[in-house]
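Derivation of every value follows stated rules applied to the coordinates shown; laboratory data play no part. Model, not experiment: these values are computed from the prediction. Neighbour counts are summed over all protein chains in view; Cβ atoms, including those assigned to glycine, are modelled from backbone coordinates with ideal geometry.
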Amino acid sequence: MQPGFLSIRSLTKRYETMVAVDDLNLEIAKGELVAFLGPSGCGKSTSLRMIAGLAPATSGTISIGGKDVTQLAPYRRDIGLVFQSYALFPHMSVLKNVMFGLEMRKVPAAEAERRAREAIAMVQLEGREDRRPAQLSGGQQQRVALARALVIQPSILLFDEPLSNLDAKLRDEMRSEIRSIQKRLGITSIFVTHDQVEALSMCDKVAVLNGGRLEQLGTPNDLYERPATAFVASFVGRTNRLSGVAEGDCISVGGKALRAPGASKGKVELMVRPHRMVMTAAGETMPDFGSEPINSIDGEIRDVYYAGDILHYEIDAGGQVMSVERTTSGGETPVSPGSAVNLTWRVADTLVFGAAQ
Amino acid sequence: MDERPVPLTLKILAFVMFVFLLAPVVLVVPISFSADTYMTFPPSGWSMRWYVDLMHNSRMIGALGTSTLLAVIVTVLSMLIALPAAYAIIRMRVIGAEALLALFTAPLLLPTIVLGLAILIVFAGAGLLGTFTGLVIAHLIIVLPYALRVLTTSLAGLPLIVEEAASTLGASPLTVFTRITMPMMMPGIVATAALSFLVSFDEAVISLFLTGPRITTLPVAMYQHVETQADPLVAAISVLLIVLTLAVVMIVDRTAGLTKTFVK
Ligand SMILES: Nc1ncnc2c1ncn2[C@@H]1O[C@H](COP(=O)(O)OP(=O)(O)O)[C@@H](O)[C@H]1O
Ligand SMILES: [Mg+2]
């Protein structure tokens, strides 16, 4: 692997009773925005705290721009950090909060104030320079935290679930704002989140973590179309699962033979994205996949949910529950529960993983 | 406090309670302006003679000076010791921090008279009886547990993440402490100073063991005075002490907010 601007090698954090981060290896290029995505407790914050120097690594190395910083105290690392709970200085005005990092860097007062005001303008808080943090809304406080981290032009900017405390509308707004500022300034950044939409829509690359281990690092498209593990396939986007037994690229699922690219031997799990399955009810014409190889199974509709733009079907296929979606076009009657249907999808859309991980 | 109107019955009840609690204290005020030579209520006449008497009582004035100086020195020293100790226990997580805190605050649980006797025995051997240094050390033993309690509680209540944010912005541990931690602890620090001052100034039991003909504190001098005389001089002193206490409380309230300091 080519060494990146931020290079993490065999990084491990062990607490008395457990391993929070387990042999993490990661290369991040300059200017990239990388998401750390994973369920709560998978080691995202711990990884970030080790990069920032707030938690000592048990073993492994972290280097920034070719310089090993593993043993460096946080205040010598030149890293900006934005926390979920803002962590503003309650006894200082907005301006003083933003100026703090510059003051620590011995920037002359006049220049520090000018740069702080610029940063405050960049996060659209002009006119609130003299307020205390307690006099601002959550969203405004997080903007101050962002300005405070940006103004020092850190070599790396870290975000630990910065939008989790904000309501949905504000979250969307801040997402695109953070993304555009990050791009404009070209700051190498890591964005921790447990929200896959956030990770996929904002970031150049996503590192999926699970149980302290890196499952996959890839572009959002990689993760969705070519997930490396069953965990990634089921955590990123939604999937239908089928368990079966593989013999070459032929898989027997409940007595029915299906095919998947590159299947191995033994027990396997098949996964198919709901919207890649086509449902055909009795009397409807089968879709045309051309010359592409397809898989097909029979099932019975259990439930239908109407969600405005889509109709959501739950289908019982030989004891395994599949969900399938159809976009609504107005005027149609949903296929009723109890009807026999057929599910068809391309072999290429079939993901296969070794079972029982 | 001022959001909802308080029912009248509750107001009356609160008033009666306060009268009950404060009556003995309030009684001291008219007695201090008595013209009599012994304490009675109501006084048969009014005068300022006991205040004038106090001004000319060199023993009381000397004791007042000793107590004030003692309380100031003890307050400063206890702050200098307890603040770093609280930081080491709460933030640096030194080995056995919990045990250390329990040990340091244990004197709070000891009967003062036992502590006084122990100090008497140790100080007698060390030649510290009847000395100002002895009083400072003894008062520190009394005051430090209070100071450490209030400061550790105050520090433990601060979000560590704010200090961490400062360190990622380039602040060294010392700068983080002076620029971030201390200002955020201000209510706790003011409360500790006020408490230390008042505990030392008011201390009578242990001082009684340690004072002698050469040096005495105000509470001890007052105690010895009422043992032999029943004149209203001590009432005049008491009024001055009430005024002093109120002044301290008001300074605390102005600088840190009283409810914020003592309730939370
Ligand atoms: N100081 C600590 N002591 C012991 N265990 C910890 C400590 N900090 C975190 N952990 C554990 O490490 C794991 C990873 O935590 P964290 O990195 O905070 O997860 P995430 O941010 O992904 O939700 C969790 O199981 C957590 O309980
Ligand atoms: Mg976390």
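Worth pointing out:
- Aspartates and glutamates whose Cα lies under 15 Å from that of A:Lys67, excluding same-chain neighbours fewer than 8 positions away: A:Glu27, A:Asp78
- Between the Cα long axis of helix B:8-32 and the first principal axis of chain B there is an angle of about 60°, rounded to the nearest 10.
- Under 9 Å, Cβ to Cβ, from A:Met277 - net charge with Lys/Arg +1 and Asp/Glu -1: 0
- Over 22 Å between alpha carbons, listed pairs A:Lys13/A:Lys106; A:Lys30/A:Lys169; A:Lys30/A:Lys183: A:Lys13/A:Lys106; A:Lys30/A:Lys169
- Overall Cα dimensions of the range A:240-298 - principal axes, largest extent first, Å: 37, 22, 20
- Between 0 and 90°, nearest 10: helix B:233-256 axis offset from chain B longest Cα axis: 30 degrees
- Shape call, chain B: gyration tensor on alpha carbons, a/c limit 1.5: oblate
- The smallest convex shape that holds all Cα atoms of the protein assembly as shown, its convex hull, gives 270 Å³ per residue.
- Paramagnetic label zone (point 7 Å from Cα along Cα-to-C-beta, A:Ala228; backbone N under 13 Å) in the range A:197-212: A:206-210
- Normalised by the number of residues in chain A, the average gap of Cα pairs under 8 Å and 6 or more apart makes the relative contact order 15 percent.
- Using alpha-carbon coordinates, inclination of helix B:58-90 to the longest axis of chain B, degrees: 20 degrees
- Computed from point charges on the beta carbon alone (+1 for Lys and Arg, -1 for Asp and Glu), the dipole magnitude for chain A about its Cα centre is near 1540 Debye.
- In this structure the amide hydrogen of A:Ala260, modeled in the peptide plane, comes within under 5 Å of the amide hydrogens of A:Ile251, none closer than 5 places in sequence on its chain.
- Among B:Thr228, A:Ser47, B:Phe20 the positive-end extreme of the charge dipole of the protein assembly as shown (Cβ point charges): B:Thr228
- Its Cα centre serving as origin, the range B:58-263 has a Cβ charge dipole (Lys and Arg +1, Asp and Glu -1) of approximately 280 debye.
- Shape category assigned to the range A:16-123 from the gyration tensor of Cα positions, a/c cut at 1.5: prolate
- Cβ crowding within 10 Å ranks A:Leu33, B:Leu13, B:Leu54 as B:Leu13, B:Leu54, A:Leu33, fewest other Cβ atoms first.
- Summed residue charge, Cβ within 15 Å of B:Gly116's Cβ, Lys/Arg positive, Asp/Glu negative: -2
- Ranked list, fewest to most other Cβ atoms within 10 Å of each Cβ, for B:Thr68, B:Thr152: B:Thr68, B:Thr152
- Dipole check for the protein assembly as shown: with +1 at the C-beta of Lys and Arg, -1 at the C-beta of Asp and Glu, and the Cα centre as origin, the magnitude is about 1500 Debye.
- Cα-based shape type of the range B:97-157, given that a ≥ b ≥ c are square roots of the gyration tensor eigenvalues and the cut on a/c is 1.5: prolate
- Unit charges at the beta carbon, dipole of the protein assembly as shown: most positive-side option, A:Gly319, B:Ala124, A:Ala147: B:Ala124
- Here the sum of -39500 (n - 2.57) over DSSP H runs of 4 or more residues, divided by the residues of chain B, equals -24000 deg cm²/dmol at 222 nm, to the nearest 500.
- Straight-line cross-link partners of A:Lys265 among the aspartates and glutamates, defined as a Cα under 17 Å from its Cα and at least 8 positions apart when in the same chain: A:Glu247, A:Asp249.
- Potential lengthening of the chain between A:Ala109 and A:Cys250 amounts to 43.6 nm, from the contour at 0.36 nm per residue minus the alpha-carbon distance.
- With K and R counted +1 and D and E -1, the other residues having a Cβ less than 11 Å from that of A:Asp349 yield a net charge of +1.
- As a proxy for reagent exposure, ranking B:Ile180, A:Ile301, B:Ile121 by other Cβ atoms within 10 Å from fewest up yields B:Ile121, A:Ile301, B:Ile180.
- Size descriptors for chain A, from the alpha-carbon set: Rg then Dmax equal 24.9, 79 Å.
- Averaging 1/r across all pairs of distinct Cα atoms in the range A:238-354 and inverting the result yields a Kirkwood radius of 14.7 Å.
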